[in-house]
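Asks: So that we are looking at the same thing, I have put the structure below in structure tokens.
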Amino acid sequence: MSNMVTHSATLQPVLDKIDATLDDSIARLQTLLNIPSISTNPDYKDDVRRCAEHVTADLLSIGLKASTHDTIGHPMVVATDDSAGPDAPRVLYYGHYDVQPVEPLDEWNTPPFDATIVEGKNGKRIVARGAADDKGQLMTFIEAIRAWKQVHGSLPVRVVILLEGEEESGSESLVPFLTEHKKDLIADTCIVCDTGMWDESTPAITSRLRGLVYIEATLHGPSHDLHSGGYGGAVVNPANALTKILAQLHDEDGRVQIDGFYDDVVEVSAEQVAQWNSLGDADALTLESSGAKATFGEKGYSTLERLWSRPTCDINGLRAGYIGQGAKTVIGATATSKISCRLVANQQPEQIKNALFAFLEERTPNGCHWDLKNFGVAPAIAVPTESPWLSAASDALTNIFPNPAVLIGTGGSIPVVGEFQEILGVDTVMVGFSLDDDLIHAPNEKFELSCFHRGILSHAAILEAYASIHV
Ligand code: BES
Ligand code: MN
Ligand code: MN
């Protein structure tokens, strides 16, 4: 993949090797994608382990030290390479080898664990669960490391790789593992490969992540389901009551009505907003990748501001009454909702969760009660943008892609970035190659082969760029 840029005599043969062996890299990605490592479903426990062992074996075959570590949940994979010598910077790479469930299965055009290459608008793409989130991404740095080792026999920096198997299911082992293995994981900088690009020609470094509060709220009314003729109008219908309460979560301007919700929100600077709005037509990209016919949201903010710097509250699931085929005249005994809030810098997740619980409790209809579950919270994160690591990574991306790298935010959450900061004291550079239309968490998830290829080339360039940073 030639660019106008001249690369060093050390880097160029690595890039050539990557180009020449791309088909092998794709085949290895396919093998990895075909292992159904769904972490949230206990039926797949053995597959998740098999996936960890497969990656460990692959890393060993490259010449890294690697092992699969048992945890209270799914295994962690840790690999190291010290061939650069004791004075070289040490870089921690993080990715997750677990994937989301595949339902609804009948919406997949090809089986989710039979990775298939198909033609798309940006050339060939690979379709499978985990293609972009996150197996295709973690393979970008693994393949870059493989090429370096093959060409030069050693790496330009010391490397430690941590691959998690519980990212999509709550990461219960993460903090204990980081705490216990702190001294083996400590590094000068970290790269997390779980984010996206601006568009297919424009690579990006992500500096802001939103946080998350996720709850389930079930409203209980009558002791059992009732005939809606015999009881409708006589006793409370939990489905009516729940939806009425949920409708009060937002006002007409799209502002969240939970008490104190915006108290700690920090407005981003005008410069920051201007930089984001100069990136391009975010509304067009959002409409195209979402298939929505109009954008929507809190009044007074652009789409990128709403996505990257404003908190939200969304119903992620609803279940009540009868939802099978045909009609059934029934008043269900309960109504359930799953609700999540995306949080921004400075909002306190525990406080928001408690305020959301209080919002519901205060509106409890006469004769009803709630069952409220908390699925965990994570704070929003901003990483420093003035760092030699970030600048070096940005330059390396710019030397590989047609367009220069840009600085972006994301609406998603990657709690590990905060844990690395807190437990290991290391700042992360988030570099990833997925696109907004990759359908992560959805049927027909895909990863563009051009993103995969350039992702590998970029990581090779980053390895070289990092070697000359003095720590
Ligand atoms: N890779 C995603 C996060 C992400 C999404 C980054 C979109 C950039 C763009 C990650 O695997 C994920 O799904 N995170 C969850 C976190 C949650 C389960 C704690 C999320 O954001 O919902
Ligand atoms: Mn991910
Ligand atoms: Mn995910």
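The values are calculated or read from the model by the stated rules, or taken from the named source; none is laboratory data. If you're wondering where the values come from, they're calculated on a predicted model, not measured in any experiment. Note: ideal-geometry Cβ built from the backbone for every residue, glycine included; neighbour counts use all protein chains shown. For the accessible areas, the whole protein counts, side chains as well, though only heavy atoms, and no ligand, DNA or RNA atoms are used. Shrake-Rupley method; radii C 1.70, N 1.55, O 1.52, S 1.80 Å.
Asks: Mean residue ellipticity at 222 nm from the helices of the chain, using -39,500 (n - 2.57) per DSSP H segment of n ≥ 4 over the full residue count, to the nearest 500 deg cm²/dmol? Intermediate results must be reported in sequence, preceding the final value.
Replies: Numbers: 15 runs with 157 residues, N = 471.
Mean residue ellipticity, 222 nm, calculated: -10000 deg cm²/dmol.
Asks: Taking only the alpha carbons of the chain, what extent do you get along each of the three principal axes, in Å, biggest first?
Replies: For the chain, the Cα spread along each principal axis is 81, 50, 46 Å.
Asks: So, by mean Cβ neighbours within 10 angstrom, what's the order for 237-244, 316-323 with the highest one leading?
Replies: By packing density, highest mean first, the sequence is 237-244, 316-323.
Asks: Hey, another quick one. How high is the relative contact order of the chain, in percent, with contacts defined as C-alpha pairs under 8 Å that are six or more residues apart? Before the final figure, lay out each step's value.
Replies: Numbers: 956 pairs, mean separation 121.6, N = 471.
So the answer I get is 26 percent.
Asks: Okay, next question. With a ≥ b ≥ c taken as the square roots of the eigenvalues of the C-alpha gyration tensor of the stretch 372-467, please select rounded if a/c is under 1.5 and otherwise prolate if a/b is larger than b/c or oblate if it is not?
Replies: It comes out oblate by the Cα gyration axes.
Asks: Further question on the same structure: Treating only the Cβ of Lys, Arg, Asp and Glu as charged (+1, +1, -1, -1), what charge dipole size does the chain show about its Cα centre? Round to the nearest 20 debye. Display every interim value, and only then the final one.
Replies: On the way: 34 positive and 64 negative charges, 76 e Å.
Its charge dipole is roughly 360 debye.
Asks: For every other residue with a beta carbon closer than 13 angstrom to the beta carbon of ALA88, add +1 if it is Lys or Arg and -1 if Asp or Glu, then tell me the sum.
Replies: -3
Asks: Given the stretch 428-471, what whole percent of its Cα pairs are spread farther than 16 Å?
Replies: The answer is 50 percent, as a whole percent.
Asks: Taking LYS328 as the anchor, which aspartates and glutamates have their alpha carbon closer than 16 Å to its alpha carbon, excluding any fewer than eight residues away along the same chain?
Replies: ASP225
Asks: Which order do the peptides 435-444, 46-55 come out in when sorted by mean C-beta neighbours inside 10 angstrom, highest first? Before the final figure, lay out the partial values.
Replies: On the way: 435-444: 18.2, 46-55: 19.9.
The peptides rank, most packed first, as 46-55, 435-444.
Asks: Right, next: Show ARG310, ARG363 ordered by accessible area, largest first, where the area counts protein heavy atoms only and the probe is 1.4 Å.
Replies: ARG363, ARG310
Asks: Same structure, new question: A 32 angstrom limit on the alpha carbon distance is what I want to check against. Which of LYS135/LYS182; LYS121/LYS182; LYS244/LYS353 exceed it?
Replies: LYS121/LYS182
Asks: Next up: Which number do you get for Rg(Cα) / (2.2 N^0.38 Å) in the stretch 127-255?
Replies: Expressed relative to 2.2 N^0.38 Å, the Cα Rg reads 1.78.
Asks: Shifting gears a bit: Name the shape class, rounded, prolate or oblate, that the alpha-carbon gyration tensor gives for the stretch 1-123, where a ≥ b ≥ c are the square roots of its eigenvalues, rounded holds for a/c under 1.5, and otherwise prolate holds if a/b is larger than b/c and oblate otherwise.
Replies: Oblate is the answer for the stretch 1-123, as a/c is 1.5 or above yet b/c matches or exceeds a/b.
Asks: What are the residues whose amide H is under 5 Å from the amide H of SER413, where those residues sit 5 or more places off or on another chain and H is modelled from the backbone?
Replies: none
Asks: If you don't mind, another one. Rounded to the nearest 20 debye, what is the charge dipole size of the stretch 151-231 about its Cα centre when +1 sits on each Lys and Arg Cβ and -1 on each Asp and Glu Cβ?
Replies: Magnitude of the dipole: close to 360 debye.
Asks: For GLY412, what is the net charge nearby, where nearby means another residue's Cβ is under 9 Å from its Cβ and Lys, Arg count +1, Asp, Glu -1?
Replies: Spelling it out: positives minus negatives among the neighbours equals +1.
Asks: Let me ask you something else. Pairs of Cα atoms under 8 Å, at least six residues apart: use those to get the relative contact order of the stretch 122-196, whole percent.
Replies: 36 percent
Asks: In percent, what relative contact order does the stretch 291-411 have, based on Cα pairs under 8 Å that are 6 or more apart in sequence?
Replies: 22 percent
Asks: Counting only other residues whose beta carbon sits under 10 Å from that of VAL383, what net charge do I get with K and R as +1, D and E as -1?
Replies: Once all neighbours under 10 Å are counted, the net charge is 0.
Asks: Something else now. Per the Kirkwood treatment, what hydrodynamic radius in Å, one decimal, follows for the stretch 41-200 from the mean inverse distance over all distinct Cα pairs?
Replies: Evaluated over the stretch 41-200, this radius sits at 16.9 Å.
Asks: In a solvent-free Debye calculation with one equal scatterer on each Cα, what is log10 I(q)/I(0) for the stretch 266-391 at q = 0.19, 0.23 Å⁻¹, listed in the order of the q values?
Replies: Debye intensities relative to I(0), on a log10 scale: -1.21, -1.38.
Asks: Can you give the angle from 0 to 90° between the axis of helix 45-62 and the longest principal axis of the chain, with both taken from C-alpha atoms, to the nearest 10?
Replies: Helix 45-62 sits at roughly 20 degrees to that axis.
Asks: Looking at the square roots a ≥ b ≥ c of the eigenvalues of the Cα gyration tensor of the stretch 147-208, which shape do they give, rounded for a/c under 1.5, prolate if a/b is larger than b/c, or oblate?
Replies: It is oblate, given that a/c is not under 1.5 and a/b is not larger than b/c.
Asks: Could you please state how large a percent of the accessible area of the chain is carbon and sulfur, counting protein chains only and using a 1.4 Å probe?
Replies: Carbon with sulfur: 50 percent of the solvent-accessible area.
Asks: Moving on to the next point. Tell me the angle of helix 135-152 to the major Cα principal axis of the chain, expressed in degrees between 0 and 90 and rounded to the nearest ten.
Replies: 10 degrees
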